[in-house]
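First comes the structure, then the notes that go with it.
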Amino acid sequence: MRDRAPIATDVIGESRSPTPEVKVRAVARVWACALWGLETALVTVEVDVANGLPAFVVVGLPDAAVQEARERVRAAIRNSGYEFPLRRVTVNLAPAERRKEGTGFDLAIALGILRASGQLAVDVEALCLGELALDGALRPVRGTMPRVRHALARGIAAALLASANAGEAAACGADAYGFGSLREAVDHVAGSARVAPTVAPAPAPPERPAVDLADIAGQETPKRALEIAAAGAHSLLLVGPPGTGKTMLARALPSLLPPLDHDEALAASAVHSVAGLVDPRHPLLRSRPFRAPHHTASPLALVGGGSPPRPGEVSLAHCGVLFLDELAEFSPSVLDTLREPLEERSITISRAGGAATYPARFLLVAAMNPCPCGHLGDPAVECRCLPDAVERYRGRLSGPLLDRIDLRVNVPRVPYERLRDEGRESSATVRGRVLAARERMAARLVGTARRTNAELTVADIRRWCRVDDDGETLLGAAIRERRLSARGYHRLLRVARTVADLAGSDQIRADDVAVALLMRA
């Protein structure tokens, strides 16, 4: 065990002053990073060890978890073979005007105390993240990826953290050093036992789609709606009797989407890192997320919340698909929380201690029955529901929410003859057309933050969604007959733009408008 530096103690009848051999630094500074949602900020952990009655104070608006770090750090330092100073230890988390949350400051506080007390002879020039166990073991923390990315942007290239978090930091491009204990981290900083930087983990192999379009018999119109939804990232609602393939169609959607690019992979992985769902072996996502919460989900589970706020399903589906099966079985209050993320592509959770904003650029696909028994309009089975029961069932979906869903199509019962068909188009074939349409969108939106037609602004619509004369006539008649809102009109044009892109056309024709109207039944 390493020799312990002598520390001043007070014994009854005897008083000893600190031995002159201990080299004490006035104030030690170590870098850490605070996290609020996906918002990050560098925190300077300042440690002062001064003469006076023994005390350990943490200031700088720490929450309960940070306050409890005093006991974890005290025990970890002592059980790692070092001396905890019997002096007045003051830790300041600067800047002090914003609340600090979580257990990720433990390692920085411990290294700061050892540096300020003279037990660590060199400054710590790296970002420090990690929770300490009482025996000195170093535990992983949530949100490593966005914190390390923030530090890299501020010129801090190295990160000291738990071994389980090192892969996340390395995947971001940092010089990541993973440790199993406080003792290993101190030896590395002091230079007595250097640790090699962690190599960025290899990307995970691509996941095989759960369902291929070739597995689904018939349903040509719903399949066409899936293609349009995948190309333009348009929200989709599938309505039909039980057993007609609504769930299979929804689960085939990921097989039509383009692969994640590097920026999307980092953005989606950062949300999963904050939620603590990252696989340490493959921290970077390579497949688009597919989230399918049960209809008993609460508003907190769907859009996020809690104290401190955690991301919900809409954020965990960022850059991927959010599938809501049995849509009408969700609570109406839960469904209405989807209005903001569908429109703004983000969700802001406000609490007394501040607000957290999470990205929510997801593709919504939902499925529901037309009535409580599921057979309204089914030619094979008679519906047993009373008219008022059907109205109550459909009334669970508010008008403003339905207005935000671009595509609404019927999924009818498949005749027996179609079930035996063999010549079905595969997902790979349709995906080729989707990729070609996405390339047209990318060329049109180059230089902007927007990627798909579903994100077109009103100014973009005026510029890029020009309709021929026949299409204008059709649009005018549809708006008058269906009483479309301004939002519905713009969403209709966005879908028509996607239909034209799939056909390789620069101008929106009457046929494209007709398809968009058909898909908004």
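The values are calculated or read from the model by the stated rules, or taken from the named source; none is laboratory data. Remember, predicted model here, so these are calculated numbers, not experimental data. Positions of Cβ are backbone-derived with ideal geometry, glycine not excepted, and every protein chain shown enters the neighbour counts.
The numbered conditions (1) assigned to a loop (DSSP other than H, G, I, E, B); (2) under 30 Å from residue 123 (Cα atoms) are all true for residue 170 except (1). Among residues of the stretch 247-301 being of a type in the set (D, E, K, R) and touching a Gly at 6+ places or on another chain (Cβ under 8 Å), the one that is nearest to residue 103 (Cα to Cα) is 281. With a requirement of 2 or more residues that are within 22 Å of residue 434 (Cα to Cα), the helices (runs of 4 or more DSSP H) lying completely within the stretch 453-519 that satisfy it span 458-464, 486-502, 510-518.
Looking only at the stretch 138-161, how many residues end up being closer than 13 Å to residue 103 by Cβ, surrounded by fewer than 24 Cβ atoms within 10 Å (Cβ to Cβ) and aliphatic (A, V, I, L, M)? The qualifying residues number 1. When 436, 428 are screened for being touching a Gly at 6+ places or on another chain (Cβ under 8 Å), among the small types (Gly, Ala, Ser) and exposed (fewer than 15 other Cβ atoms within 10 Å of the Cβ), only 436 passes.
Only one entry of 57, 49, 22 meets the criterion of being modelled with pLDDT of 55 or more and either surrounded by fewer than 18 Cβ atoms within 10 Å (Cβ to Cβ) or in a loop (DSSP other than H, G, I, E, B) (or both), and that entry is 57. Pairs linking a residue in the stretch 361-382 that is in contact (Cβ under 8 Å) with a residue 40 or more places away in the chain to a residue that is acidic (Asp, Glu), with Cβ atoms under 6 Å and 6 or more positions apart or on different chains, are 367/325. Among the residues making up the stretch 175-184, those that are under 30 Å from the mean Cα position of the chain (by Cα) and under 16 Å from residue 133 (Cβ atoms) are 178, 179, 180, 181. Within the stretch 200-222, restricting attention to residues that are in contact with a helix residue (DSSP H, G or I) (Cβ under 6 Å, 6 or more places away or on another chain) and in a helix (DSSP H, G or I), the residue that is nearest to residue 401 (Cα to Cα) is 222. Regarding residue 430, is this residue in contact (Cβ under 8 Å) with a residue 40 or more places away in the chain and more than 27 Å from residue 218 (Cβ to Cβ)? Considered against the rule, which asks whether it is in contact (Cβ under 8 Å) with a residue 40 or more places away in the chain and more than 27 Å from residue 218 (Cβ to Cβ), residue 430 comes out as no. In this structure, residue 311 does not satisfy being at pLDDT below 95 and surrounded by fewer than 17 Cβ atoms within 10 Å (Cβ to Cβ). For the residues 214, 250, 229, 204, the requirement of being within 27 Å of residue 293 (Cα to Cα), aliphatic (A, V, I, L, M), in contact with a strand residue (DSSP E or B) (Cβ under 6 Å, 6 or more places away or on another chain) and surrounded by fewer than 23 Cβ atoms within 10 Å (Cβ to Cβ) singles out 204. Restricting attention to the stretch 175-194, the residues that are without any contact (Cβ under 8 Å) to a residue 60 or more places away in the chain, surrounded by 16 or more Cβ atoms within 10 Å (Cβ to Cβ), over 17 Å from residue 141 (Cα atoms) and of a type outside the set (D, E, K, R) add up to 1.
On the stretch given as the stretch 84-112, residues that are of a type in the set (D, E, K, R), over 21 Å from residue 355 (Cβ atoms) and surrounded by fewer than 20 Cβ atoms within 10 Å (Cβ to Cβ) total 1.
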